[in-house]
Amino acid sequence: MGKADEPTRQRVAFVLIDGLGDVSLPKFGYRSPMQTAGIPNLDAIASAGVNGLMDPVEAGLACGSDTAHLSLLGYDPRIYYRGRGAFESMGAGLPMSPGDIAFKSNFATWDEKTGIVTSRRADRHFEEEGPILCTALDGLKLPSYPEYEVRVRYATEHRCGVVVKGPKLSGNISGTDPLKDNRLLLKAEALDDSDEAKHTAAVVNELSKEISRILVSHPLNAKRAAEGKNIANIVLLRGCGIRIEVPPFEKQHDLWPCMVAPTKIIAGLGLSLGIDILEAPGATGDYRTLLTSKASSIAKALSSPLQPCPNVFVPGEDEHKPGRADGYDFGFLHIKAIDDAGHDRASVFKLKALEAVDRMIGQLARLLWEAESNGKFQYSLCVTGDHSTPVEYGDHSFEPVPFAICRLKDFVNTVGEAVVMRASLDPFPLPTVQASEDLHNEIALQDAKRVGRKASRGDSVCEFSEIAAAKGCLGRFPGGEMMGVIKKFLQAEV
């Protein structure tokens, strides 16, 4: 078969909206933020494709982002999960070797006299101070255990990665994080009777003390105290883990994967699965992220070799390497701000941020349609969440999330090619809104826009929401089946 006869390569842009799901809110007329928001592009994906309701791991289980992502990408967390610390640390740029342990860690505020952690997050906006304090901690020495090496690297917001290297370490220990404010700082404890676990707990407890000793005397904290800000005088060590050993994603699914994930724990998970992490300038993994940059990076990676692929992040190296010359088949785009809005109980921001994500999807669709028009590739758009983070709860919950996948050409037919090509590619910030903003008129307007919309292909669903997805032809399914659903969809006759 000559090149002219080769089948068109199928490629998929996969958008994962962290914390997507929610519950009905009185403020929104007893509807969820997704049901209330103006999200025409997400609605068009639902209308143009097939839909279902997905339990990221299993029904009734409130899961973390790390276990949910493992499940969605086809790796049973009951078999492969070894703690989230390795993901955070690798994503922050700390390479790990077999035998190392790592923690997902928070800069926090601790009352030395009472032993109480008064604030688990010293400051969510810690981008300037965090790297300075991490530099002060990196390479610290443990007086009683000089044979161990400690590496610390800033991640995002109030988070950092901490890796301990040395002999006879166990990942089977508890952490020091009390998990809620105004509780006592915990001591690490062995979770089994092995000598390694008991020894590791002792090492980690001394590490916690040494970290606090350095931070308490750091001039940056004196400056924060003088300004009336929370000081960062402790690092909460949680999610002790080792690097997982798993079959690479490409071998598991026969798809070359890439990922845009400024959130370090997700980037580290991707690296653990052999997924290339792409550069996306201005993408921060928080409220100030540049969504347009994420869309552009994924579109370029999926359009290669027609255009240069973005560079790829390599842990522990200052220089980044070029992305895969032939491009990628599976482009994973992670969005964190929606989850932050849920944790911050910011209902209006969650709604507005969903609308911003919808705008970004319009940009992504335009960029991919321009590439598909060249005849080299055919694209599909897929969107879902990793779990629900309802603003009423301020935390992860067990509610399922909507899943939708469609072919790009069907999306274009649903929306109209002229509309797709009019999507502005200009960068835009996430909105800033006041929680007290009156949305009644806006909600009525969005309701009017959604009335009468009809599904164009696939099934009867024509909205992207928790309730609408339940009527989809995929039914309700566990996240471990998601990659199988995507691959079958890609293999189906066009």
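The values are calculated or read from the model by the stated rules, or taken from the named source; none is laboratory data. Everything quoted here is computed from the prediction, not taken from an experiment. Cβ sites come from the backbone with ideal geometry, for glycine too, and all protein chains shown count toward neighbours.
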Listed residues 86, 62, 108, 68; which is part of a loop (DSSP other than H, G, I, E, B) and either within 15 Å of the chain's Cα centre (by Cα) or small (Gly, Ala, Ser) (or both)?
-> 62
Could you check how many residues of segment 22-57 are closer than 18 Å to residue 397 by Cα, over 21 Å from the mean Cα position of the chain (by Cα) and of a type in the set (A, V, I, L, M)?
-> 1
Evaluate segment 26-41: report whether one residue or more is within 23 Å of residue 487 (Cβ to Cβ), crowded, with 23+ Cβ neighbours inside 10 Å and at pLDDT 95 or above.
-> no
Report, by residue number, each residue of segment 205-232 that is among the polar types (S, T, N, Q), under 16 Å from residue 119 (Cα atoms) and at pLDDT 95 or above.
-> 212
Counting only residues that are surrounded by fewer than 23 Cβ atoms within 10 Å (Cβ to Cβ), of a type in the set (Gly, Ala, Ser) and in contact with a strand residue (DSSP E or B) (Cβ under 8 Å, 6 or more places away or on another chain), segment 43-82 contains a total of 2
Checked segment 180-213 for anything more than 18 Å from residue 111 (Cβ to Cβ), in a helix (DSSP H, G or I) and more than 30 Å from the chain's Cα centre (by Cα); matches are 195, 196, 197, 198, 199, 202, 203, 206, 210
Only one of these conditions is not met by residue 431: (1) assigned to a loop (DSSP other than H, G, I, E, B); (2) of a type outside the set (Val, Ile, Thr); (3) modelled with pLDDT of 95 or more. Which number is it?
-> (3)
Please verify whether segment 122-129 includes one or more residues that are outside any loop (DSSP other than H, G, I, E, B), more than 24 Å from the chain's Cα centre (by Cα) and not small (Gly, Ala, Ser).
-> no
Applying the selection to segment 211-237, what residues are in contact (Cβ under 8 Å) with a residue 40 or more places away in the chain and either among the hydroxyl-bearing types (Ser, Thr, Tyr) or assigned by TED's automatic domain parsing to the domain that holds residue 328 (or both)?
-> 212
Could you grab the pairs with beta carbons closer than 7 Å, sequence gap of 6+ or different chains, first residue in segment 296-318 and farther than 21 Å from residue 274 by Cβ and modelled with pLDDT under 85, second one in a loop (DSSP other than H, G, I, E, B) and of a type in the set (D, E, K, R)?
-> 306/376
The lone exception for residue 255 - which of (1) buried (at least 21 other Cβ atoms within 10 Å of the Cβ); (2) within 26 Å of residue 80 (Cβ to Cβ); (3) outside the structural domain of residue 108 (by TED's automatic domain parsing) it fails | (1)
Consider residue 367 carefully, then state whether it is in a helix (DSSP H, G or I), more than 24 Å from residue 307 (Cβ to Cβ) and out of contact with any Gly (no Cβ under 8 Å at 6 or more places or on another chain).
-> no
Among the residues of segment 316-327, is there at least one that is crowded, with 23+ Cβ neighbours inside 10 Å and touching a His at 6+ places or on another chain (Cβ under 9 Å)?
-> no
Restricting attention to segment 2-20, does a residue exist that is over 30 Å from residue 458 (Cα atoms), out of contact with any Leu (no Cβ under 9 Å at 6 or more places or on another chain), assigned to a helix (DSSP H, G or I) and charged (D, E, K, R)?
-> yes
